Structures are given as structure tokens and as C-alpha cells.
Amino acid sequence: MSKVILITGCSSGLGVSLAVQAAQAGHTVYATMRNLSKRAVLDDAVAAAGVTVHVAQLDVQDSASIAACVDQVIAAEGHVDVLINNAGAGFVRSTEQASEEDINWVMDVNFMGVVRCTKALIPHFRERRAGHVVTISSVGGLVGQPFNEIYCAAKFAVEGYMEAMASYISPSFGINFTVVEPGGIASEFAANVMKQVEETGGMLDDEYLPILQKYVGGAQDRAAGGDIYQTADEVAAVVMDCVASDDPPIRTRTSKWGEAFCALKTDLDPDGKKLQSQVVDTFLS
Ligand code: NAP
């Protein structure tokens with residue numbers, strides 16, 4: 001069935017693959033980005049695939065831009081079926097090294113951005129008794145990792161936010177919630193993280209430096225090593241399976257590596273449905 005899908009963060013990486021694959025699947029796609037002057041990558045990918053997408057401005061840190069975009073899509077299409085919260089940004093610094101401004105920015109883009117977009121569409125989905133919010137989290141939304149405590153905290157927040165809504169909004173109003181938990185994605189993400197580090201003082205010469213060097217040095221080996229990183233197309237294909245499903249998972253990893261890495265947290269309930277039942281039974285039966 002053809003759906004109207006609004007996707008955030010489509011100037012690069014996974015957002016581009018999501019937009020192209022959603023269009024290839026026959027959906028009406030609103031591929032959004034905060035800065036329309038960065039649309040060339042998307043335009044090229046769309047042209048190469050021979051598909052059409054609508055491109056619109058949306059900054060997840062700006063509620064007015066979100067409201068304007070949602071209004072634009074509903075005015076044009078009459079409704080929205082799926083929101084894909086894809087926009088996000090990494091951050092590598094220890095708590096001691098991170099400024100409060102940096103921490104607020106990481107939380108704002110990765111968590112509040114998801115809340116803002118979801119809040120903008122939930123009334124519409126509730127009225128229609130249908131809708132699907134898909135949020136791109138990370139294995140870092142389940143497993144804390146070195147120098148990633150702020151980013152992981154934002155992704156953990158996203159996971160709790162989505163899980164809580166799945167416990168009562170899904171059974172009451174027929175709105176599905178899915179968190180997608182990729183491992184590494186070959187995209188601009190890592191380069192943007194290092195750019196952000198450089199722009200905020202570089203790698204600091206303190207007691208954390210040898211640990212950070214081990215982490216950053218290892219990252220190159222991990223990227224070259226094979227199974228941690230997926231292409232954006234591979235991850236997008238998993239997201240598209242969730243979008244196509246009549247009974248989508250509440251959570252899903254996107255690779256065997258991600259499944260194994262998170263297994264201590266997810267083995268008993270890989271798709272989150274048992275936990276959802278337990279919470280409903282505990283609080284709403
Ligand atoms: P990417 O290539 O850096 O793309 C991130 C996208 O988010 C860009 O389009 C970026 O736009 C956008 N964005 C950032 N701030 C925004 C804002 N305020 N408003 C709207 N858009 C904004 O990285 P990616 O790998 O495709 O990341 C996609 C998602 O996957 C993110 O949620 C990320 O946390 C998650 N993820 C990534 C990895 C990985 O290893 N790459 C692993 C697990 C999960 P600009 O071009 O304007 O900055």
C-alpha cells in the first residue's frame with residue numbers, strides 16, 4: 001500500500017537512502033532537511049534511481065519549521081502515514097570535557113528533535129487512528145560506549161520515549177512506534193563528529209587522551225574490519241521492512257553484529273512486544 005512518508009535529515013547518509021528506497025517502494029515521500037542548499041546529494045541519488053520525492057525544509061531544532069512542514073504535507077496530501085525521525089548527530093567527548101552548550105546541543109538534536117517532530121504529528125495520527133513513528137536510534141541507545149555518554153544518553157532517552165508511547169498510545173489509538181538500532185553506518189556521521197571535535201578545541205591533552213586515542217584509532221580498524229558497519233542502503237532496507245509491516249517491531253537491530261552486541265539487553269524480547277504486554281498488564285489492565 002502506498003503511504004505518505006515524512007523523513008527528517010535527508011541531506012546525507014541514511015536519510016538519502018531512506019528517501020530513495022521509500023520512493024522506489026511506491027510511497028509519496030517528503031524528504032526534509034534543515035538546509036535546502038545541501039539538497040544536491042539527495043537530488044543526484046533520486047535522479048540516479050529514476051524516482052520522485054518532494055523536498056522540504058525542516059529543522060528538528062525549530063518547532064515553527066516542523067509545524068510549517070507538517071501543514072504543507074497535510075495540505076498537499078490530505079494526510080501523513082509515517083514519520084521517520086532520522087536526523088541526528090554524534091558526539092565524542094567525556095562528560096568532563098564536554099561543555100554544557102555542547103551537551104544541550106546533542107540532547108536537543110537527537111532527543112528533543114524527535115520529541116518535536118513526533119508531537120507535531122501525534123494529534124493527526126490520533127485523529128486518524130493510524131500512523132507509524134519510526135525513530136532511528138542506535139546500538140548506542142541500548143549499550144553505553146566510551147566517550148559517547150552524552151550521545152548514548154540522548155539515544156537512551158529516545159528509546160524510553162518511544163517505548164513509553166508504545167505502551168498506551170499504540171493499543172488505544174492504533175499508532176505504531178518503532179526504534180531502529182543500527183551499529184555503524186557508512187555516512188558523513190563519523191566525519192561530522194571529528195569536525196565538531198576540531199571546532200570545539202580538538203582532542204584535549206588531558207588524562208583521557210590515551211583512552212580517546214585508543215577509541216578513535218580502533219574506530220578506523222573497526223570500520224575496516226567488516227561487520228560493524230553497514231551501508232546506508234542496507235540499514236534503509238531494514239527500516240523499509242518496518243514501514244511495510246502490518247505489525248512492526250517496537251525495536252529492531254539492523255545487522256547480525258548489532259544483534260550480538262545488544263544481546264545481553266535484547267535476547268529475551270528482541271522486538272519489544274513482551275515488554276509492551278508486561279507494561280500494559282501492570283498499568284492498564
Ligand atoms: P549523517 O550522514 O551525518 O546524516 C545526519 C543527518 O541529520 C543530516 O542530514 C543532517 O543534516 C541531519 N541533521 C542534523 N541536525 C539536524 C537538524 N537540526 N535538523 C534537521 N536535520 C539535521 O549521519 P547518518 O549516519 O545518516 O545518521 C542518520 C541517523 O542514524 C542519526 O539519527 C544517527 O544518530 C543514526 N545512527 C548513525 C550511525 C552511524 O554510524 N552513522 C550509527 C547508528 C545510528 P546536515 O547535513 O544539515 O547536518
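The values are calculated or read from the model by the stated rules, or taken from the named source; none is laboratory data. None of these values were measured; they are calculated from a predicted model. As a convention, Cβ positions derive from the backbone with ideal geometry for all residues, glycine included, and neighbour counts pool all protein chains shown. Side chains included, ligands, DNA and RNA excluded: accessible areas come from the protein's heavy atoms. Shrake-Rupley method; radii C 1.70, N 1.55, O 1.52, S 1.80 Å.
Hey, among the residues in segment 79-106 that are over 27 Å from Gly184 (Cβ atoms) and open to solvent by less than 50 Å² (accessible area, probe 1.4 Å), which one's farthest from the chain's Cα centre (by Cα)?
The selected residue is His79.
Scan segment 178-235 residue by residue and report those that are more than 11 Å from the ligand (Cβ to nearest atom), of a type in the set (Gly, Ala, Ser) and assigned to a helix (DSSP H, G or I).
Gly217, Gly218, Ala224, Gly225
Within segment 193-205, identify whether any single residue is among the aliphatic types (A, V, I, L, M), surrounded by 18 or more Cβ atoms within 10 Å (Cβ to Cβ) and closer than 28 Å to Ile228 by Cα, and answer yes or no. Please lay out each step first, then the result.
Keep residues of segment 193-205 that are among the aliphatic types (A, V, I, L, M), which gives 193-194, 197, 203-204.
Of the ones still in play, those that are also surrounded by 18 or more Cβ atoms within 10 Å (Cβ to Cβ) are 193, 197.
Imposing the further condition that a residue be closer than 28 Å to Ile228 by Cα reduces the set to 193, 197.
Taking every residue of segment 193-205 in turn, at least one turns out to be among the aliphatic types (A, V, I, L, M), surrounded by 18 or more Cβ atoms within 10 Å (Cβ to Cβ) and closer than 28 Å to Ile228 by Cα.
Hey, can you tell me all the residues within segment 161-177 that are open to solvent by 40 Å² or more (accessible area, probe 1.4 Å) and in a helix (DSSP H, G or I)? Reasoning before the result, please.
Step one: list which residues in segment 161-177 are open to solvent by 40 Å² or more (accessible area, probe 1.4 Å), which gives 161, 163-164, 168, 171-173, 176.
Within segment 161-177, Tyr161, Glu163, Ala164, Tyr168, Pro171, Ser172, Phe173 meet the criteria.
Matching residues to (1) more than 9 Å from the ligand (Cβ to nearest atom); (2) on the phi < 0 side of the Ramachandran plot; (3) touching a Ser or Thr at 6+ places or on another chain (Cβ under 6 Å); (4) of a type in the set (A, V, I, L, M, F, W, C):
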{"position": "Asp71", "(1), (2), (3), (4)": "yes, yes, no, no"}
{"position": "Ile74", "(1), (2), (3), (4)": "yes, yes, no, yes"}
{"position": "Leu83", "(1), (2), (3), (4)": "yes, yes, no, yes"}
{"position": "Asp102", "(1), (2), (3), (4)": "yes, yes, no, no"}
{"position": "Val109", "(1), (2), (3), (4)": "no, yes, no, yes"}
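Please state which one of Arg34, Arg39 is more than 30 Å from Gly144 (Cα to Cα), within 21 Å of the chain's Cα centre (by Cα), open to solvent by 50 Å² or more (accessible area, probe 1.4 Å) and within 12 Å of the ligand (Cβ to nearest atom).
On the way: Arg34 fails: more than 30 Å from Gly144 (Cα to Cα).
Within the list Arg34, Arg39, the selection yields Arg39.
All but one of (1) within 14 Å of the ligand (Cβ to nearest atom); (2) free of Cβ contacts under 8 Å to residues at least 40 places away in the same chain hold for Arg116, so report the exception by its number.
(2)
Is it the case that some residue within segment 3-13 is modelled with pLDDT of 95 or more, more than 16 Å from the chain's Cα centre (by Cα), over 18 Å from Leu83 (Cβ atoms) and more than 8 Å from the ligand (Cβ to nearest atom)? Steps first, please.
Here is the first cut: in segment 3-13, the residues modelled with pLDDT of 95 or more are 3-13.
Add one more test, that the residue is more than 16 Å from the chain's Cα centre (by Cα), and what stays is 3-4.
Pick out the ones that are also over 18 Å from Leu83 (Cβ atoms) and you get none.
There is no residue in segment 3-13 that is modelled with pLDDT of 95 or more, more than 16 Å from the chain's Cα centre (by Cα), over 18 Å from Leu83 (Cβ atoms) and more than 8 Å from the ligand (Cβ to nearest atom).
Quick one: how many residues across segment 176-224 are out of contact with any Leu (no Cβ under 7 Å at 6 or more places or on another chain) and closer than 21 Å to Gly144 by Cα?
Summing the residues that are out of contact with any Leu (no Cβ under 7 Å at 6 or more places or on another chain) and closer than 21 Å to Gly144 by Cα in segment 176-224 gives 32.
Go over the candidates Gly160, Gly140, Gly144 one by one and state the one that is over 24 Å from Ala236 (Cβ atoms), in contact with a Cys (Cβ under 7 Å, 6 or more places away or on another chain) and of a type outside the set (Phe, Trp, Tyr). Give the steps one after another, and end with the answer.
Numbers: Gly160 fails: in contact with a Cys (Cβ under 7 Å, 6 or more places away or on another chain); Gly140 fails: over 24 Å from Ala236 (Cβ atoms).
Testing whether each residue is over 24 Å from Ala236 (Cβ atoms), in contact with a Cys (Cβ under 7 Å, 6 or more places away or on another chain) and of a type outside the set (Phe, Trp, Tyr) leaves just Gly144.
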